[in-house]
Amino acid sequence: MTNKLFASLVLMPFAAQCLHAADVKKQPNIILFMVDDMGWQDTSLPFWTEKTHYNELYETPNMERLAKSGMMFTQAYANSISSPTRCSLFTGTNAARHRVTNWTLQKDTPTDRESDTLIPPQWNVNGISQIEGTDRTFVGTSFVQHLNNNGYHTIHCGKAHLGAIDTPGSNPIHFGFEVNISGHAAGGLASYLGEENYGHTKDGKTTSLMAIPGLEKYWGTDTFATEALTLEAIEALNNSKELNRPFFLYMSHYAIHIPLNKDMRYYQKYIDKGMPPLEAAYATLIEGVDKSLGDLMDWVEQSGELDNTIIIFMSDNGGLATTSAWREGELYVQNYPLNCGKGSLYEGGIREPMIVSWPNRVKADTRCNEYVIIEDFYPTILEMGGVKKYKTAQTIDGKSFMPLLKQTGNPSKGRSLFWNYPHNWGNEGPGVNFNCAVRHGDWKLVYYYGTGIKELFNIKDDIGEKSDLSSVRPDMVSKLSRKLGKHLRKINAQRPVIRATGLPSPWPDEV
């Protein structure tokens with residue numbers, strides 16, 4: 001064998017590796033910035049046709065900055081509660097199909113409030129998993145696993161809430177993440193305050209199941225949890241630059257979930273605006289999240305990754321606005337012009353602020369008024385990452401919204417969106433508890449399992465859902481009832497049981 005031939009044979013694997021690295025490098029970095037409990041109006045960026053009182057109150061300059069560089073979605077939907085949304089995000093499956101239809105926390109333990117009239121179904125209280133073996137879980141392949149399999153360095157930072165304690169869903173590492181910062185089973189937090197060790201005692205014991213793990217170096221400081229998570233995310237991004245791989249960062253904040261701890265960096269400003277203390281504290285949570293977004297945007301620019309980084313902004317459910325949610329001080333976080341909030345299938349509970357920025361691919365400073373839903377993120381993000389072929393253990397209900405981003409088509413045309421909440425969340429308010437809904441075009445039907453009541457709204461003409469048109473348009477009620485009932489049966493969705501008779505509640509097309 002000649003030296004020349006030997007050298008070429010030796011170098012071939014190295015050359016192949018370099019070629020693969022070059023191909024991988026062409027894949028865009030992706031940041032999915034998820035906020036907890038952020039309502040459609042919890043921002044200075046108006047997602048409606050006009051600015052509202054709340055848009056004037058809150059200050060989110062970095063959301064405005066992101067929107068200037070990308071596309072706002074005015075009709076982006078999630079579920080009304082955290083776990084269903086996050087499980088749909090990671091599996092691409094509608095919540096009615098994956099059956100994680102309420103919030104999860106402790107293994108094998110439902111979180112439903114008791115009801116005098118209805119009994120909730122046996123839902124998947126343990127969340128999702130990528131492998132069989134845990135009772136009452138939905139088995140599905142995570143989109144993050146596909147990204148990781150295709151060259152991405154995957155980072156989780158913040159809230160997970162994908163499954164109960166001591167189940168696979170309690171640890172993001174089980175879903176394809178190489179790095180997990182502070183993600184665990186809890187869907188809330190004990191404290192935002194470093195002075196309170198984020199819910200831990202000085203000797204490291206937790207004072208609550210909601211205590212945030214993994215932030216020990218900030219204990220005893222005045223570092224707000226939102227800031228601590230941002231600092232950790234930036235450190236992880238700095239480390240990722242050494243890998244010569246594209247990154248996927250899931251920046252999943254615990255804010256703006258209760259408790260309403262004051263972020264003192266912003267508190268006095270909102271007091272000076274005349275806001276009551278609790279509302280001012282809430283406003284500081286919003287601005288803290290916005291500052292985090294700006295810090296990440298700054299990092300992307302300063303690291304030279306601006307032209308190769310996608311940033312997606314989203315919330316997991318509507319802002320908290322139900323009547324028993326805020327006892328102290330009678331604070332109501334409103335979502336005007338939308339009706340109600342978290343826990344409700346009215347627009348205030350499921351419509352979210354969403355923005356996508358992708359330099360040179362998504363036209364800057366644009367708006368999309370077509371609807372999308374959280375399970376659509378699964379195929380869209382994989383398409384963004386160049387992952388064209390993948391196998392899943394589950395049915396994917398989501399549709400890629402890339403045509404909307406490119407302005408080449410409308411995958412939502414003629415499409416129906418579905419929600420199913422066969423539970424008693426516990427808070428009071430319109431559109432809350434034991435119901436399901438369908439959105440088709442401009443029309444939306446809400447059906448209540450316990451009473452058989454159906455409400456019909458034209459969302460285009462009545463965004464606040466003030467005018468129930470069910471008596472005016474019985475033809476549309478029948479059409480949407482058939483569509484909703486047929487779909488729920490097709491995907492083997494669950495419904496509550498009538499306590500007095502032991503029989504299942506009727507489907508919407510059976511009433």
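Computed values, structure above
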| item | result |
| --- | --- |
| Residue ID - surrounded by the fewest Cβ atoms within 10 Å (Cβ to Cβ), chosen from residues in segment 262-275 that are part of a loop (DSSP other than H, G, I, E, B) and not hydroxyl-bearing (Ser, Thr, Tyr) | Gly274 |
| Selection count, segment 154-180, where residues are surrounded by 24 or more Cβ atoms within 10 Å (Cβ to Cβ) and not in a helix (DSSP H, G or I) | 13 |
| When residues of segment 231-261 are limited to those that are touching a Gly at 6+ places or on another chain (Cβ under 9 Å) and not in a loop (DSSP other than H, G, I, E, B), the one surrounded by the fewest Cβ atoms within 10 Å (Cβ to Cβ) | Glu232 |
| Which listed residue, of Thr111, Thr104, is within 20 Å of Lys342 (Cβ to Cβ), buried (at least 24 other Cβ atoms within 10 Å of the Cβ), in contact with a Leu (Cβ under 9 Å, 6 or more places away or on another chain) and modelled with pLDDT of 95 or more | Thr104 |
| Tally of residues being buried (at least 20 other Cβ atoms within 10 Å of the Cβ) and assigned to a helix (DSSP H, G or I) across segment 488-511 | 2 |
| Any pair with Cβ under 9 angstrom, 6 or more apart, that starts in segment 139-156 at a residue that is over 10 Å from Tyr390 (Cα atoms) and outside the structural domain of Ile128 (by TED's automatic domain parsing) and ends at one that is surrounded by fewer than 19 Cβ atoms within 10 Å (Cβ to Cβ) and modelled with pLDDT under 95 | none |
| Residue in segment 47-54 that is modelled with pLDDT under 95 and within 23 Å of Ile258 (Cα to Cα) present | yes |
| Every pair of residues 6+ apart whose Cβ atoms lie under 8 Å, when the first sits in segment 406-424 and is closer than 30 Å to Pro359 by Cα while the second is β-branched (Val, Ile, Thr) | Lys406/Val362; Gln407/Thr366; Ser412/Val372; Leu417/Ile373; Leu417/Val438 |
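Rundown of residues vs (1) touching a Gly at 6+ places or on another chain (Cβ under 9 Å); (2) touching a residue at least 24 places away in the same chain (Cβ under 8 Å), yes/no style:
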{"position": "Ile453", "(1), (2)": "no, no"}
{"position": "Asp462", "(1), (2)": "no, no"}
{"position": "Asp475", "(1), (2)": "no, no"}
{"position": "His487", "(1), (2)": "no, yes"}
{"position": "Ala500", "(1), (2)": "no, yes"}
{"position": "Ser505", "(1), (2)": "yes, yes"}
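So that you can scan it fast, the table gives a plain yes or no per residue for (1) hydrophobic (A, V, I, L, M, F, W, C); (2) in contact with a Phe, Trp or Tyr (Cβ under 7 Å, 6 or more places away or on another chain):
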residue	(1), (2)
Gly386	no, no
Thr392	no, no
Ile396	yes, yes
Thr408	no, no
Gly414	no, no
Leu417	yes, yes
Asn424	no, yes
Asn427	no, no
Trp443	yes, no
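The values are calculated or read from the model by the stated rules, or taken from the named source; none is laboratory data. Only a predicted model underlies this, so the values are computations on that prediction, with no experimental measurement involved. Methodologically, a virtual Cβ is constructed for each residue, glycine included, from the backbone with ideal geometry; neighbour enumeration extends over all protein chains shown.
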